[in-house]
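**Q** To start, I am sharing the structure in question, which I have written as structure tokens.
The values are calculated or read from the model by the stated rules, or taken from the named source; none is laboratory data. On a predicted model such as this, the values are computed, not experimentally measured, just so you know. Cβ placement follows ideal geometry from the backbone for every residue including glycine, while neighbour counts extend to all protein chains displayed. Please note that ligands, DNA and RNA were not included when accessible areas were found on the heavy atoms of the full protein model with its side chains. Shrake-Rupley method; radii C 1.70, N 1.55, O 1.52, S 1.80 Å.
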Amino acid sequence: MKIFVGNVDGADTTPEELAALFAPYGTVMSCAVMKQFAFVHMRENAGAVRAIEALHGHELRPGRALVVEMSRPRPLNTWKIFVGNVSAACTSQELRSLFERRGRVIECDVVKDYAFVHMEKEADAKAAIAQLNGKEVKGKRINVELSTKGMVPTGV
């Protein structure tokens, strides 16, 4: 079972550290750590469920409560938005909240000084771009535009 782990400090968290955290709940097959999130693959469904229940909200680092949930595939045909000039003080959750006021956000990942936000509907994505481009967030004016990649490819 694939588990999503959010609010991870990728610069300071190793796959081995996450594997050790999840190991008491079942067999850990693999761990992949990205910038602010990770994926943990566990062999048994029951162990994955126990790990999610026990570790959601756990502070791996002081002040950084983990978001631990069953991984869900991103729906096909989402609208990918590039957000540039993101302040280091802005979290993925804060940015997600800003975009959710304009429509359903499927995924939001902050990577250093930029982010990608995936929205479910084209109209919502275009409204978010129009309303948020140039807006000041945490002391910096963000640049918001449709990603040059456009829609996420289907069936590839």
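**Q** Just wondering, is there one or more residues in region 44-55 that are open to solvent by 40 Å² or more (accessible area, probe 1.4 Å) and within 15 Å of the chain's Cα centre (by Cα)?
**A** no
**Q** Here's a check for you: in region 68-95, which residue that is over 26 Å from residue 1 (Cα atoms) and of a type in the set (D, E, K, R) is surrounded by the most Cβ atoms within 10 Å (Cβ to Cβ)?
**A** The extreme case among them is 80.
**Q** Can you pull out the residues in region 13-43 that are farther than 21 Å from residue 110 by Cβ, β-branched (Val, Ile, Thr) and assigned to a strand (DSSP E or B)?
**A** Correct list: 28 only.
**Q** Residues being under 19 Å from the mean Cα position of the chain (by Cα) and open to solvent by 60 Å² or more (accessible area, probe 1.4 Å): count how many of those fall in region 1-43.
**A** Residues flagged as under 19 Å from the mean Cα position of the chain (by Cα) and open to solvent by 60 Å² or more (accessible area, probe 1.4 Å) within region 1-43 amount to 9.
**Q** Related question: Out of region 114-156, which residues are modelled with pLDDT of 85 or more and touching a Ser or Thr at 6+ places or on another chain (Cβ under 8 Å)?
**A** Result: 115, 116, 118, 119, 120, 137, 138, 139, 140.
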